[in-house]
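Structure, as C-alpha cells:
None of the figures in this text is laboratory data; all of them are computed from the coordinates on show. Note that the structure is predicted; figures quoted are calculated from it, not measured.
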C-alpha cells in the first residue's frame, strides 16, 4: 500500500493568480516564472521541516512561457543568455525547488504529453513499490500556455493549469490517506485537466 502523508494543491484564480512565495529570497523570487512559483510553493508545503526525499516531477508543457521568451530573444538578437536559458529548460522549476530546500536526494522529470500526470504518478508509485524507498514526493505542474501558441496547441485556450504535490509513503500514519491508483474517470484533453480531477475527487476538500 502507498499512502498520502501530506498534500498541497494550487489552482490559480482571479483572486489569487499566483501563490505566496514570500519565503523565497527576493533575488531568486524575481527570476521565477509562474510555473516555478507554483512548484516551489507546493513543494515547500510538503517538505518543510521534514527529512529530504527523492522527487518525481511531471509536466506536459514545462517552462513553456520562459521558452517563448528565449525564442523571441533569439529571433530578435541572435543571442541566448545562459542565465535565461537555464530558467527555460523543462526541469527548471523542480530544480529551483530542490535547490531552495537543499534537497540533495535527487529527482526525476517525466514528460509524456497529456498523460504526464498519470505516468508521473505511476513512476513515483513504482519507485516506492520497488522497496528501495519509504518516501517520495510527486509533483505535477503546468502553467497557462502563451496565447501565441493557442492556434497550434490543439487544446482549448485558455488551458487548465495547476500544481499539486503529494508526499507519499509506504508506511501508514495518523491522518494519512490511501493512494488510489485506479484510472480517473474522464476524457482529459490535458494533463492538468486530469490533475484537477484528481484534486477534486481523491483529496479531502
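Given an 8 Å cut-off on Cα distances and at least 6 residues of separation, report the relative contact order of segment 1-125 as a percent.
31 percent.
If one computes the Cα centroid of segment 43-88 and of segment 147-205, what distance in Å separates the two points?
Segment 43-88 and segment 147-205 have Cα centres spaced 20 Å from each other.
Throw me the Rg/Rh for segment 31-95, computed over C-alpha atoms with Kirkwood Rh, two decimals.
1.07
Express as a percent, rounded to the nearest 5, the fraction of DSSP beta bridges in the chain (both residues included) that run antiparallel.
Roughly 70 percent of the beta bridges in the chain run antiparallel, per DSSP.
For segment 88-205, treating each Cα as an identical point scatterer without solvent, what Debye log10 I(q)/I(0) comes out at q = 0.12, 0.23 1/Å?
Log10 I(q)/I(0), no solvent term: -0.50, -1.52.
Could you work out the Rg to Rh ratio of the chain, with Rh taken as the Kirkwood radius (inverse of the mean 1/r over all Cα pairs)?
Here Rg/Rh amounts to 0.96.
Which angle between 0 and 90 degrees, to the nearest 10, do you get for helix 116-129 versus the longest principal axis of the chain when only C-alpha atoms count?
Helix 116-129 and the main axis of the chain meet at about 40 degrees.
Would you mind checking the tilt of helix 64-77 against the longest principal axis of the Cα atoms of the chain, expressed as 0 to 90 degrees and rounded to 10?
Helix 64-77 sits at roughly 20 degrees to that axis.
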